[in-house]
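Down below is the structure, laid out as structure tokens.
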Ligand code: ATP
Ligand code: ZN
């Protein structure tokens, strides 16, 4: 499939930790993706003028910066590492996507006791994120030596290459399996939607905006709930105060129950059992919490 100038191009990771959720997000945004073969470099959306470019995550910032892809989905770790190497910004982050969460941490052999940051002074730290690590060291006034490695960073201490590592951690299981323990946080990351800062023509800009609006809707919907409850009118101020992330709830009278109203609201934050208990204590009854399927803000 060759590049079609009339379509929008979105760079996503071909196969790896971000691939499934990137595709799922697009499906939730209503896109029907035609399944490319295993060796395909692109996948077409059937019902939206968009082609996915399936690439290695490390290449996504370059594609977007150069405008080969107007949009991309990439981890902030990869994005920021790339951006730190540029004289001026070429990529803009437009939305946090809520998946691919991990953090870049410095880890030490788990035999090390009583770690403190100054202990890094003069030591070697192996990492695939040399720029992020250097920024951290500078911010903290530390002069450790950064050893850049493409992969297998967690093996560095055992191989005698470095005393410390600086690597991505989500559960910590990989560090643990290699006899390492996290000692300092360098950078917290999640997947983000990015846009090129190269000028794009009006038609592409309009398509991109339409896609962004849908994606914003999907993200907002993921956490949002629709709450309906009954309450005595006098309890309204207390109840609206408790409703998490609800703006301007709808209040309607209840026929046959003077002084009582029904309250309806979209809550844009998680609704926990504890929230319901507090609502009940404030006078609410018949509380319903419903998922929202689609939302356009
Ligand atoms: P590629 O073949 O595309 O270069 P990769 O092996 O470099 O893939 P993955 O391991 O698939 O990359 O990770 C992709 C992204 O997923 C990371 O850059 C990071 O943003 C995110 N991520 C989430 N959790 C983790 C984790 N525990 N370890 C590494 N990356 C994670
Ligand atoms: Zn990679």
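At a glance:
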item	result
Qualifying residue in segment 21-30 (condition: away from ligand 1 (no atom under 14 Å from the Cβ), assigned to a loop (DSSP other than H, G, I, E, B), under 19 Å from residue 97 (Cα atoms) and in contact (Cβ under 8 Å) with a residue 24 or more places away in the chain)	yes
Check on residue 100, without any contact (Cβ under 8 Å) to a residue 12 or more places away in the chain and either within 16 Å of ligand 2 (Cβ to nearest atom) or more than 18 Å from residue 135 (Cα to Cα) (or both)	no
First in segment 77-90 and without any contact (Cβ under 8 Å) to a residue 24 or more places away in the chain, second anywhere and within 16 Å of ligand 2 (Cβ to nearest atom) and assigned to a helix (DSSP H, G or I), Cβ under 8 Å, 6 or more apart	78/57; 78/58; 78/60; 78/61; 82/61; 82/62; 83/61
Segment 126-178, residues that are away from ligand 2 (no atom under 16 Å from the Cβ), under 19 Å from residue 101 (Cα atoms) and surrounded by fewer than 16 Cβ atoms within 10 Å (Cβ to Cβ)	171, 172, 173, 176
Subset of segment 265-288 (residues that are within 16 Å of residue 226 (Cα to Cα) and crowded, with 16+ Cβ neighbours inside 10 Å)	265, 266, 267, 268, 271, 275, 276, 279, 284, 287
Any chance residue 88 is out of contact with any strand residue (DSSP E or B) (no Cβ under 8 Å at 6 or more places or on another chain) and within 12 Å of ligand 1 (Cβ to nearest atom)	no
Selection count, segment 48-79, where residues are assigned to a helix (DSSP H, G or I), within 16 Å of ligand 2 (Cβ to nearest atom) and in contact with a strand residue (DSSP E or B) (Cβ under 7 Å, 6 or more places away or on another chain)	8
Residue that is nearest to residue 65 (Cα to Cα) [pool: residues in segment 1-19 that are without any contact (Cβ under 8 Å) to a residue 60 or more places away in the chain and within 16 Å of ligand 2 (Cβ to nearest atom)]	14
Residues being closer than 20 Å to residue 48 by Cβ, in contact with a helix residue (DSSP H, G or I) (Cβ under 9 Å, 6 or more places away or on another chain) and not in a strand (DSSP E or B) - total across segment 174-209	1
So residue 74, is it within 23 Å of residue 190 (Cα to Cα), in the same structural domain as residue 197 (by TED's automatic domain parsing) and within 10 Å of ligand 1 (Cβ to nearest atom)	yes
Residue, farthest from residue 204 (Cα to Cα), within segment 1-20, restricted to residues that are away from ligand 1 (no atom under 14 Å from the Cβ) and in a loop (DSSP other than H, G, I, E, B)	1
Unmet criterion (only one of (1) assigned by TED's automatic domain parsing to the domain that holds residue 24; (2) part of a loop (DSSP other than H, G, I, E, B)) for residue 171	(1)
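The values are calculated or read from the model by the stated rules, or taken from the named source; none is laboratory data. In this text the structure is predicted, and so the values were computed from the model without any measurement. With ideal geometry, Cβ positions are generated from the backbone for all residues, glycine too; neighbour counts draw on all protein chains shown.
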